[in-house]
Every structure is written in C-alpha cells, then in structure tokens.
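Visitor: My questions will all concern the structure given below.
The values are calculated or read from the model by the stated rules, or taken from the named source; none is laboratory data. These figures come from a predicted structure and were not determined experimentally. Methodologically, a virtual Cβ is constructed for each residue, glycine included, from the backbone with ideal geometry; neighbour enumeration extends over all protein chains shown. Surface accessibility is based on the protein's heavy atoms, side chains included, excluding ligands, DNA and RNA. Shrake-Rupley method; radii C 1.70, N 1.55, O 1.52, S 1.80 Å.
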Amino acid sequence: MDSKWRQLMTDMKSGSVPALSRLITRVESREPGWMEAMQEIFPDTGKARLIGITGSPGAGKSTLTSQVACILVEQGFTVGIIAVDPSSPFSGGALLGDRIRMRDVSCLEGVFVRSMATRGALGGLNQSARDVAKIMDAFGKDFVLIETVGVGQDEIEVVKTVDLVLVICVPGQGDGIQAIKAGVLEIANIFVVNKADREGADQVVLDIETMLELGSDSDALKPLIIKTIATRGEGISFLVDQTLDLLKTLDRKDAWQKNRIQEELIGLVEKEIVGLIKKHWNETGGLDRAVNQILDGESDPYSIAQKVTAPVAGFFKQK
Amino acid sequence: MDRTIRVLVSKVGLDGHDRGAKVIAYGLRDIGFEVIFLGIGHTPEQIVITALQEDVDAVGLFVLSGAHLPLTKRVIEGLKEKGGEDIAILVGGAIPDEDKTQLKEMGVLEVLTSGIRIDQVAQLINDHAFTRASHKRV
C-alpha cells in the first residue's frame with residue numbers, strides 16, 4: 001500500500017471526515033490498492049449495526065431514512081447513511097437526489113451521508129456499498145443505514161447482508177404489494193406502511209398480513225408491520241424503538257453468518273476474475289476481436305467464454 | 001482518468017428559481033458525471049459539509065437572489081477551513097460583469113451565465129478533477 005493510502009487510513013482512523021470521504025471514493029472507484037486497504041479496515045469492522053431500507057420508487061425511503069437517523073442521533077448514536085440512486089446505462093452519469101430529502105439530518109453532528117450511483121456494473125454495487133458500509137463501521141459509526149434504489153433484483157442483493165431490513169410500502173400502487181411481490185417480501189424484518197394518512201393504507205396492511213399468513217414457514221418470526229407518515233415524523237419513534245428491540249433479539253444463527261460471508265466471498269472472487277479478464281481484453285483488444293468473430297459467424301459466445309476462462313479451469317484441474 | 005467525476009449542484013440562499021441549476025445538473029449527468037443534486041434553500045455551511053461528505057470535484061452554486069458575492073465567499077472560506085480547498089467552485093446565475101471579475105478573484109473557477117455551453121462546463125470540471133487527482137489530493 002503506497003503512502004497516500006497509508007496517510008488516508010491514518011487520518012480516517014483519527015476521525016478525519018475528509019479522509020473518510022476520500023477513502024470511500026478510492027475504494028468505490030477500485031483504485032489500485034483498494035483491496036489492501038479493505039484488508040486493513042476489516043478487523044475494525046463488525047461493531048456497527050447495518051440496516052437496509054428498501055421499497056418502490058417514491059415510497060418515501062429517503063425521507064424515512066432521514067427521520068430514522070434523526071431519532072438515532074437524538075438517542076446519542078452516530079449514523080452513517082449510504083443513499084443509492086441509479087446510474088444511466090447510456091451516459092454512465094447519475095443524478096443523485098436523495099439528499100434533497102435529507103436536509104435535516106445530513107448536517108447533524110455524528111452523521112455522515114454518502115450518495116452512491118449504481119454505476120451499471122452488474123452486481124457491482126452490492127460489493128462497493130458493502131465496502132463503504134464497512135469503512136463507515138471502521139470509522140466508528142454505531143449504525144449504517146443503506147437506502148437502496150427503487151425495487152428490483154439488485155437492491156435485494158445489497159440488503160441481503162445487513163442485520164435488519166425495512167421494506168417500505170405505500171398505498172395507491174395496485175393492490176398494495178404489487179411492487180414488492182417477489183424476493184423483497186422474504187427479506188423484510190419490518191414492513192413500514194408509509195404515507196399512512198392516505199386512502200388505502202389499512203388495505204396495504206391487510207394485504208401484507210394476508211401475504212404473511214400464507215407463508216409456508218409457520219415457525220418463523222413474523223415481520224412487524226408499522227404505519228408511518230414520514231413527512232410529518234409520525235410513527236418514526238415507534239419504528240426506531242421496534243427496530244432497536246428487534247436488533248437485540250434477532251437471532252442471527254451461525255448458518256446465517258456463514259451464508260452472509262459466503263455470499264460476499266463469492267461476489268468478490270467473481271468480480272476479481274471478471275476484472276482480470278476485462279483488463280486483459282482492454283489491453284489486447286480481445287473483446288472487440290471476439291465480438292467481431294461472433295458477428296462474422298466464425299465463433300459463438302459460448303466457445304469464447306469457455307476459451308477465456310480455460311486457464312482458470314486448467315489451474316483447478318491440475319490440483 | 002478512470003475515476004467518475006462527482007459534482008454537487010445546489011441553490012444557495014433564499015431563492016427558488018432552480019431551472020438553471022437543473023439544466024446544468026441534467027447536462028452534466030448526460031455527459032457522464034455523477035451529480036449530487038441538493039435543490040433549493042441551502043446555507044453555505046450545509047453546502048460545505050455536503051461537499052466534503054460526498055468528496056466532489058466541484059461545487060456549482062446557483063444564485064439568483066443577488067447575494068452571490070457574500071454567499072460564495074462563505075462557501076469558499078468554509079471549504080478552506082474544513083480541508084476542501086481543492087474543490088472547484090462554479091457560480092451560476094444572473095451575475096453582473098463586474099461581479100464576475102470579483103468572483104474569479106475570490107477563486108471561483110468559472111461563472112456560468114446564460115448562453116454557456118454544457119460541454120465547456122464539463123471540460124473545465126474535468127481538467128480541474130484531473131489536476132486534483134494527480135497532484136493535490138492525499
């Protein structure tokens with residue numbers, strides 16, 4: 001690790017916000033040395049509790065995240081917030097607007113908010129968001145709130161490894177839980193029915209209850225359903241109390257821990273191997289050649305994928 | 001440079017006319033920047049804290065209230081004080097010519113008035129970010 005990294009790490013550990021911020025940029029951009037930096041940060045992690053906040057676009061995730069953070073700060077905790085918005089698949093640019101709703105909280109003492117773009121890389125966000133959460137953890141934050149982009153597949157990946165997941169639902173979206181049907185339902189520890197002053201809120205609660213009743217695992221701890229009006233701060237104290245209680249009692253068994261580590265490890269290895277191949281392709285123009293071969297009908301994607309991963313396969317065959 | 005350029009775009013002080021800020025924000029996004037958009041009604045101090053947390057390469061301050069000189073000064077001083085002196089400042093709005101000179105003397109990278117092209121703005125920020133990354137940053 002070069003002296004720049006070293007300096008940033010030392011400054012970050014002594015509480016420098018600019019150093020924390022720059023470290024995040026470097027790790028997020030995967031600048032050379034990021035892995036060594038994370039190796040050094042890793043032993044300092046594990047103290048913060050990670051809370052994932054997910055839900056459909058416009059459900060009030062940012063507002064709610066901000067409110068929850070405010071109450072945690074009032075209770076004397078320090079909070080890191082990671083707010084994720086999508087990158088444009090065309091330009092690679094992004095408009096990160098979550099902070100518009102975080103005005104009250106983002107400048108409070110003890111709060112550090114970071115906006116992140118998904119940056120297009122398939123599954124890439126999961127890992128870098130996790131890395132940023134770890135850096136905030138090592139910096140000494142008691143809680144890290146990860147606010148995801150609107151519902152899809154990707155943000156389920158992000159919140160898979162957090163300690164507790166809040167799923168935000170709102171009235172007025174089809175039959176209430178249309179937007180969060182698959183996947184998200186299974187990962188929720190608490191359902192928050194936000195905008196509860198709107199017509200149809202009780203119906204959403206009923207829909208979720210029905211859905212949970214139909215769940216096959218009758219022994220499993222049923223998720224809570226809590227109504228809030230985030231713009232007015234109503235129901236948030238109760239939500240935070242319940243969240244803290246649940247964090248205390250939630251039994252994260254060995255199997256869960258193992259699964260979480262496994263998940264992360266596989267993700268990292270995948271990214272590394274693909275990264276190496278991409279780098280090689282970029283340097284040699286191999287990707288262009290491969291694409292042209294396929295276009296000209298000389299080869300097919302399957303053969304090329306097999307060929308390019310052959311060295312890895314060969315290595316394990318030797319063993 | 002591989003690193004994605006990050007820019008903070010915000011209205012500062014008390015005016016709600018955010019069309020110009022939005023035009024610049026959307027334009028920079030379409031060029032491939034990550035734009036942290038703050039919206040209206042922020043104090044210079046809030047902008048300083050945000051710029052540091054987000055580790056942006058540049059801050060775009062958009063003022064149509066006439067208070068561009070004192071507000072910009074407070075942002076520049078705040079950044080200097082808190083260790084963000086290498087973050088470029090751009091000021092947008094209806095800025096009189098004599099104030100443009102004064103803003104530039106204060107250290108503003110560019111003053112964006114109507115008619116400026118988005119690719120010029122992007123190029124300026126890009127050049128600044130490159131210098132920032134290769135020389136000044138720890």
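Visitor: Treating only the Cβ atoms of Lys and Arg (+1) and Asp and Glu (-1) as charged, compute the dipole magnitude of chain A about its Cα centre; round to the nearest 20 debye.
Guide: The dipole of chain A has a size of about 840 debye.
Visitor: Restricting things to alpha carbons, tell me how big segment A:1-43 is in terms of Rg and Dmax, in Å.
Guide: 9.2, 24
Visitor: Hey, got the dipole for segment A:228-319? About the Cα centre, +1 on K and R Cβ, -1 on D and E Cβ, debye to the nearest 20?
Guide: Result for segment A:228-319 is approximately 340 debye, rounded to the nearest 20.
Visitor: Between A:A313 and A:E199, 0.36 nm times their residue separation minus their Cα-Cα distance comes to what?
Guide: On the way: separation 114, 0.36 × 114 = 41.04 nm, distance 5.79 nm.
Gain on extension, A:A313 to A:E199, equals 35.3 nm.
Visitor: For A:K13, list the lysines whose Cα falls under 27 Å from its own Cα; do not include residues on the same chain fewer than 8 positions away.
Guide: Within the straight-line limit of under 27 Å, A:K13 reaches these lysines: A:K4, A:K47, A:K134, A:K141, B:K80, B:K82, B:K136.
Visitor: Okay, moving on. Springs between alpha-carbon atoms under 10 Å, Gaussian network over chain A: tell me which of A:D300, A:D254, A:D163 tops the mean-square fluctuations.
Guide: The residue with the greatest mean-square fluctuation here is A:D300.
Visitor: I would also like to ask the following. Under a 5 Å amide H to amide H cut-off, with H placed in plane at 1.01 Å, what residues pair with B:G92 once short-range neighbours are removed?
Guide: B:L61, B:F62, B:V63, B:L112
Visitor: Just to check I understand the Karplus step: with θ = phi - 60° and J = 6.51 cos²θ - 1.76 cosθ + 1.60, what whole-Hz values come out for segment A:67-80, glycine and proline as x?
Guide: Along segment A:67-80, the couplings run 5, 4, 4, 4, 5, 4, 5, 4, 7, x, 8, 9, 9, x Hz.
Visitor: How crowded by other chains is B:53-60, given as the mean number of beta carbons from other chains within 10 Å of each beta carbon?
Guide: Average neighbour count from other chains, rounded to a whole number: 5.
Visitor: Let me ask something additional. Note down, for segment A:260-318, the three equivalent ellipsoid semi-axes (square root of 5 times each alpha carbon gyration tensor eigenvalue), biggest first, whole angstrom. Let's see the in-between values first.
Guide: Values: eigenvalues 128, 38, 24 Å².
Semi-axes, largest first: 25, 14, 11 Å.
Visitor: How many Cβ atoms of partner chains, on average, are near each residue of A:84-92 if near means within 10 Å of its Cβ?
Guide: Per residue, the average neighbour count from other chains is 3.
Visitor: Lys/Arg Cβ at +1, Asp/Glu Cβ at -1, dipole of segment B:6-133 taken about the Cα centre: which of B:T101, B:P70, B:G83 is farthest positive-ward?
Guide: B:P70
Visitor: Counting Lys and Arg as +1 and Asp and Glu as -1, each charge on the Cβ, what is the dipole of segment A:1-43 about the Cα centre in debye, to the nearest 20?
Guide: So the magnitude is around 80 debye.
Visitor: Then there's this: I need the semi-axes of the equivalent ellipsoid of chain B: take the C-alpha gyration tensor, multiply each eigenvalue by 5, square-root it, list largest first in whole angstrom.
Guide: 20, 17, 14
Visitor: Continuing with the same structure: Leaving out ligands, DNA and RNA but keeping every protein chain, what accessible area does B:M106 have, in Å² rounded to the nearest 10, with a 1.4 Å probe?
Guide: 50 Å²
Visitor: If packing is taken as the mean number of other Cβ atoms within 10 Å per residue, what is the order of A:230-238, B:3-11, B:68-76, A:91-99, highest first?
Guide: Descending mean neighbour count gives B:3-11, A:91-99, B:68-76, A:230-238.
Visitor: I would also like to ask the following. For the protein assembly as shown, what does the helix formula give at 222 nm: sum of -39500 (n - 2.57) over DSSP H segments with n ≥ 4, over the residue count, nearest 500 deg cm²/dmol? Numbers along the way, then the final one.
Guide: Numbers: 18 runs with 224 residues, N = 457.
When only DSSP H runs of four or more count, the value is -15500 deg cm²/dmol.
Visitor: Short version: ³J(HN,Hα) in whole Hz for each residue of segment B:108-121, in order, from phi by Karplus 6.51 cos²θ - 1.76 cosθ + 1.60 (θ = phi - 60°), x for Gly and Pro, what are they?
Guide: So the J values, rounded to whole Hz, are 6, 5, 7, 9, 9, 10, 4, x, 6, 8, 5, 6, 5, 4.
Visitor: In addition: Charges on Cβ only, +1 for Lys and Arg, -1 for Asp and Glu, centred on the Cα centroid of the protein assembly as shown; of A:A188, A:L64, A:G46, which one is farthest towards the dipole's positive end?
Guide: Farthest towards the positive end: A:G46.
Visitor: Right, here's the next one. Want the number for B:T101 to B:I40: 0.36 nm per residue separation, take away the alpha-carbon distance, what's left?
Guide: Extending this stretch completely gives an extra 19.4 nm.
Visitor: Using only the Cα atoms of segment B:65-134, build the gyration tensor, take square roots of its eigenvalues as a ≥ b ≥ c, and label the shape rounded, prolate or oblate: rounded if a/c is under 1.5, else prolate if a/b is larger than b/c, else oblate.
Guide: It comes out oblate by the Cα gyration axes.
Visitor: Using θ = phi - 60° and the Karplus curve 6.51 cos²θ - 1.76 cosθ + 1.60, what whole-Hz ³J(HN,Hα) does each residue of segment A:27-38 get, with Gly and Pro shown as x?
Guide: 5, 5, 7, 6, 5, x, x, 5, 5, 5, 4, 5
Visitor: May I pose another question? For A:16-23, what's the mean count of beta carbons from other chains sitting within 10 Å of each residue's beta carbon?
Guide: 5
Visitor: Sticking with this one: Using a basic spin-label model with each label point 7 Å from the Cα along Cα→Cβ, how many nm lie between A:K4 and A:R289?
Guide: Taking the simple label geometry, A:K4 and A:R289 are separated by 3.2 nm.
Visitor: So for segment A:8-93, considering every pair of alpha-carbon atoms, how many percent are separated by more than 23 Å?
Guide: That tail contains 41 percent of the Cα-Cα pairs.
Visitor: A further question follows. What is the packing order of peptides A:289-297, A:132-140, A:35-43, taking the mean over residues of other C-beta atoms within 10 Å and listing the highest first?
Guide: A:132-140, A:35-43, A:289-297
Visitor: Could you estimate the translational diffusion coefficient of the protein assembly as shown from the Stokes-Einstein equation, with Rh from the Kirkwood formula over C-alpha pairs, at 20 °C and 1.002 mPa s, in whole µm²/s?
Guide: Details: Rh = 23.8 Å.
This corresponds to a translational diffusion coefficient of 90 µm²/s.
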